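Derivation of every value follows stated rules applied to the coordinates shown; laboratory data play no part. If you're wondering where the values come from, they're calculated on a predicted model, not measured in any experiment. For neighbour counting, all protein chains shown are included, and Cβ atoms are generated from backbone atoms with ideal geometry for every residue, glycine included.
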Amino acid sequence: MTNPVVPRRYLPIFAALVSCFALWGVLNNMTDNLVPAFQKIFMTSQSTAGYVQISFYGAYSVVALFASLLVQKAGYRFGVLVGLGVYVLGALLYVPACVAQSFWLYIAGIFIVAGGCAVLETTCNPYVLALGSPETAVRRLNFAQMFNPVGSLAGILLAQQLILANLHPATADERAAMAPEALKAIMNRELFWVCVPYVGLCAIAALIWFFFFFSKRTEADAAETGRTDFRAILSILAHSPRWYLGVVAQVFYVGVQIAAWTWMNVYCQKELGVSPKEGATYYLIAIVAFIVCRWVATFAMKYVDPARLMALFAAAAVLCSFGVMYLPTRVLFTAGGLPFAGNILCLIAMSGFMSLMFPTIYGLALGGIDPRAHKIGAAGLIMAIVGGALLTPWMAAIIGDASSVWTRLVPMFASEWDTNLKLSQMSLRASFIVPAICFAVVLAYALIFRSEKVEKLKG
C-alpha cells in the first residue's frame, strides 16, 4: 500500500503548520515595503530607513540557534507555541508605536516579530518532515513550502493596498514646511494603516497558537527530543567545507534578495517617476517571476545537476545586475498602464534567477553530512539570514551618498540630488554593484560544488 503524503491523523496539525508558512511569508514581504513607507512617514534618510531590515533580519542571527536548541529539548509543538507567541507580542507593539509616532519603537516591534518568525522557520520545516513516512517527507515539505510564496504575494498586496496606498502624497520638502499639528494628523492616519494589517496577522497567529496549545503531543513531536553531543556535531560541521562555505553563500544570497527587493520600489520611483503604490506593482511582478522560475527550476533539476543550474542562474543574475546599473531607462512597452524599460526588466529578471538559490544552497550545504549535524547545521543556515541585515545597509549607504567612490562606476548618469527620495540617479545605479558581488559569491560556491549531489535531508 502506498504511504500517504500526510497521514490522516496528522492532517489538522499539517494544515496548521502550512498556515505558519504563509504567515511568515506575509510578514517578510510586508516588511520590505515598510522601508519606503517609513522613509516617507518619518522623513528619514535611506540609511535610517534601512534599520527596518537590520532589525528584522538581524533577529534571525540572534534567535535561530536558540530555536534549534529549544526544539531539541522541548519538541516541535512547544517551539511553534513559542514562535507564535513571540510573533503576537511583536505585532501588538505596533499599536503603542503608532500612538507614540515612534520610529524606534516600531524597530523594536519588528525585531520581536522577526524573532518569532525565526523560531517558526527553524521549527516548522523539520516538524513537517516528521509528520509521516520518510519516503514522502520531501514531497510533504515541498507542498507546505508552496504556501510561503502565496503568503508573500498576500503581503505585497496588503502593503500595496493598505500601507502604501494610504501614504499622503506630500513630498519631504512639503512635509517639512507643514505646521506641526497638520503633519501629526497626516502621520496618525498613515501609521494607523501601517498597524491595520499587522493587528490582523496578530489575530490569525493567536488562533493558530490556541490550536496548538489545545492539541495533543504526537509521537512525531516526541521523537525529535533528546540529548545532543554538541562537541561531535561541531566537529562534523568544522570539517565540512560544503557546509561552512554554504553558510557564507547563504549570507550573500539572503543579503542580495533582501537588498534588491528593498530598493526595487525606490528604483522604479526614481527611474520611471511612478508612485510608491505603482512601484509595489513591479515588486509584485518580480515575486510572480520568482515563484514561476522556482517551479521551472525544480522541474529542470530532474535533468540538470542542481549546482550547475544554480551556477547558470547566478551568472545570469550578475548580468542582470549590470543591466540595472547601465541600461538606459528607455520605455520599450507599456502594460496595464505601467511602463517597462530594459533596466526594469533586468531588475525583475533578477528575482527569477535568484529563485532556486536558497533551497539549493541549503541542500548542497547539508546533503551528505552526518544526520546528527542536520539540526545545528540547519540553524547555521537560518542564521545566515542575517545577510539581509548586513548587506541592505551597505546598499543603503551607497544610495544615500552622492559622492561615494562607487559612483565612479556609473559616471554617465545624473548626479543631482533628489531631496524627496534622498538619492541621486548615479548613487542609486551604483548601489546595484552590491547584488552583482553577491551573485558572484553564489556563482563561485556553485562552481566549487558543481559535482556534488543534493541529497534528501532527514528531519
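How large is ³J(HN,Hα), in whole Hz, for each residue of the stretch 420-433 in order, when computed from phi with the Karplus curve 6.51 cos²θ - 1.76 cosθ + 1.60 and θ = phi - 60°, using x for Gly and Pro?
6, 8, 6, 6, 10, 4, 5, 5, 5, 4, 4, 5, 7, 5
Add -39500 (n - 2.57) for each DSSP H run of 4 or more in the chain, then divide by its residues: what number comes out at 222 nm, to the nearest 500 deg cm²/dmol?
Calculated from helices alone, the mean residue ellipticity at 222 nm is -24000 deg cm²/dmol.
Would you mind ranking Glu278, Glu416, Glu174, Glu121 so that the residue whose beta carbon has the fewest other beta carbons within 10 Å leads the list? Numbers along the way, then the final one.
Details: Glu278 19, Glu416 9, Glu174 12, Glu121 22.
The fewest-first ordering by Cβ neighbours comes to Glu416, Glu174, Glu278, Glu121.
Once the Cα atoms of helix 76-92 and of the chain are each reduced to a long axis, what angle between those two axes, in degrees from 0 to 90 to the nearest 10, is obtained?
Between the helix axis and the principal axis of the chain, the angle is about 20 degrees.
What is the spin-label model distance, in nm, from Lys73 to Thr171 if the labels are put 7 Å beyond Cα along the C-beta direction?
The modelled label-to-label distance comes out at 5.6 nm.
Kirkwood hydrodynamic radius, computed over distinct alpha-carbon pairs, for the stretch 1-91: how many Å, to one decimal?
Numbers: mean 1/r = 0.0632 Å⁻¹.
Answer for the stretch 1-91: a Kirkwood hydrodynamic radius of 15.8 Å.
Search the structure for amide H atoms under 5 Å from the amide H of Leu423, placed 1.01 Å from N in the peptide plane, and list their residues when 5 or more places away or on another chain.
Distant-sequence amide H within range of Leu423: Asp418.
Considering amide H positions built from the backbone, and no H for Pro or chain starts, which residues 5 or more places from Ala341, or on another chain, come under 5 Å of its amide H?
Answer set, sorted by chain and number: Leu332.
Starting from the Cα gyration tensor of the stretch 316-366, take the square roots of the eigenvalues, sort them a ≥ b ≥ c, and report rounded, prolate or oblate (rounded when a/c is under 1.5, otherwise prolate if a/b is larger than b/c, else oblate).
oblate
Considering the Cα positions of the chain, please state its Rg to one decimal place and its Dmax as a whole number of Å.
According to the Cα coordinates of the chain, Rg and Dmax are 22.0, 74 Å.
Explain nothing, just the number: relative contact order of the chain, from Cα pairs under 8 Å at least 6 residues apart, as a whole percent.
23
Show me, for the stretch 322-327, the HN-Hα J-couplings you get by feeding each phi into the Karplus relation (A = 6.51, B = -1.76, C = 1.60, θ = phi - 60°), rounded to Hz, glycine and proline as x.
5, x, 5, 6, 10, 5
Order by neighbour count: Val199, Val405, fewest other Cβ atoms within 10 Å first, most last.
Val405, Val199
Quote the FRET efficiency, to the nearest 0.05, computed for Ala182 versus Ala206 with a Förster distance R0 of 45 Å and r equal to the Cβ-Cβ distance.
0.80
Label-point separation (nm) for Ala232 and Asp370, each offset 7 Å from Cα along Cα-to-Cβ?
0.6
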